[in-house]
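The values are calculated or read from the model by the stated rules, or taken from the named source; none is laboratory data. This structure is a prediction, so every number in the text was calculated from the model and none was measured. Cβ placement follows ideal geometry from the backbone for every residue including glycine, while neighbour counts extend to all protein chains displayed. Areas reflect the complete protein model, heavy atoms only, side chains present, ligands, DNA and RNA absent. Shrake-Rupley method; radii C 1.70, N 1.55, O 1.52, S 1.80 Å.
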Amino acid sequence: PGKYVLSGLSSITNALFMSGGVNEKGSLRNIQIIRNNKTIATYDFYTFLTKGSLETNEQLQDGDVIFIPFYENTVQLGGAFKRPDKYEFIQGETIQDAVALAGGFNSEVMPDARLELSSVDRELSKRKITYLNPFEDLNTELINGDVINISSTSGLTPQTIELSGEVVNPGAYSIQTGDTILDIINRAGGYTEEAYF
């Protein structure tokens, strides 16, 4: 925080970079530009971060104040998203908006995957888990503290072993659950006549 001298063509994005950016508790979605003691605009930095858009990047004037309030609402996304992380959301945004902030689903989403929504039930003072179809209606409004997860094929990552030496067909072989060394050697055609096993 403080006063900065900027060029006459500077925008709010320039000022944010010059000042070192928003801290961990500051809002990136509700940055306020105050001119002559009046809020003239609010800036959503996510439009720049997620879309590269400078459409709402307000041009600054001498004496302007950029006020960054605390963030109010966050949602955590995990699993098979392109950018799994914690995101700030604006009141009224939906699960679909959160999925878009995370870049959408990646190619590891299982065809029969279920999207898991963990929300705080204020009346019961505990979390409730709801399962949704990730490819259908995701218009449920987000609640502060929501956690959204989706399963992926990451648990099915191929594993290989390299066989060399006195086996009939040395090379790389896939490992399946329960395989032993002997299973792999047999798959490689067994030992050669020169093998000392």
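Taking a straight line from the alpha carbon of residue 128, these lysines sit under 29 Å away, with near neighbours fewer than eight places off in the same chain left out: 25, 82, 86. Based on DSSP H segments of at least four residues, each scored -39500 (n - 2.57), the chain has a per-residue ellipticity at 222 nm of -3500 deg cm²/dmol. Suppose each label sits 7 Å from its Cα in the direction of the beta carbon; what would the residue 42-residue 188 distance come out to in nanometres? Using points 7 Å along Cα→Cβ, the separation is 6.4 nm. Per-residue accessible area (protein heavy atoms, 1.4 Å probe) orders 50, 180 as 180, 50, starting from the largest.
The shape of segment 38-133 comes out oblate: with a ≥ b ≥ c from the C-alpha gyration tensor, a/c is at least 1.5 while a/b does not beat b/c. To the nearest 10, the accessible area of residue 124 is 110 Å² with a 1.4 Å probe. With contacts taken as Cα pairs under 8 Å at a separation of at least 6 residues, the chain carries a relative contact order of 15 percent. Listed by chain and number, the aspartates and glutamates placed with their C-alpha closer than 13 angstrom to that of residue 3 are 62, 64; residues fewer than eight positions away on the same chain are left out. A 1.4 Å probe over all protein chains sorts 89, 48, 17, 67 by accessible area into 17, 67, 48, 89, starting with the largest. Summing Lys and Arg as +1 and Asp and Glu as -1 over all other residues whose Cβ lies under 15 Å from the Cβ of residue 10 gives a net charge of -1. The residues of the chain expose on average 67 square angstrom of accessible surface per residue, using a 1.4 Å probe on protein heavy atoms. When P(r) over Cα pairs in 10 Å bins from 0, in percent is calculated for this entry, the matching label among [x] 9, 31, 30, 19, 10, 2, 0; [y] 9, 35, 38, 16, 2, 0; [z] 8, 24, 19, 16, 13, 9, 7, 3, 1, 0 is [z]. The relative contact order of segment 17-99 comes to 28 percent, based on Cα pairs under 8 Å that sit 6 or more residues apart.
Set the Förster distance to 30 Å, then compute FRET efficiency between residue 135 and residue 54 from the Cβ-Cβ distance, nearest 0.05.
0.40
Restricting the calculation to Cα atoms, every distinct pair contributes to the Kirkwood radius of segment 97-155, found to be 12.5 Å. Residue-wise HN-Hα couplings along segment 63-79, as the Karplus relation 6.51 cos²θ - 1.76 cosθ + 1.60 with θ = phi - 60° gives them from phi, are x, 4, 10, 9, 10, 10, x, 5, 6, 10, 10, 9, 9, 9, 10, x, x Hz; Gly and Pro carry x. In percent, rounded to a whole number, the relative contact order of segment 68-173 is 30, using alpha-carbon pairs under 8 Å and six or more apart.
For segment 107-197, applying the loop criterion from DSSP together with a ceiling of 16 other beta carbons within 10 Å to the trypsin sites (Lys or Arg not before Pro) yields 114, 122.
Apolar share of the accessible surface for the chain: 50 percent from carbon plus sulfur atoms, 1.4 Å probe.
For the pair residue 3 and residue 128 in one chain, pulling the backbone fully straight at 0.36 nm per residue adds 40.4 nm over the alpha carbon distance.
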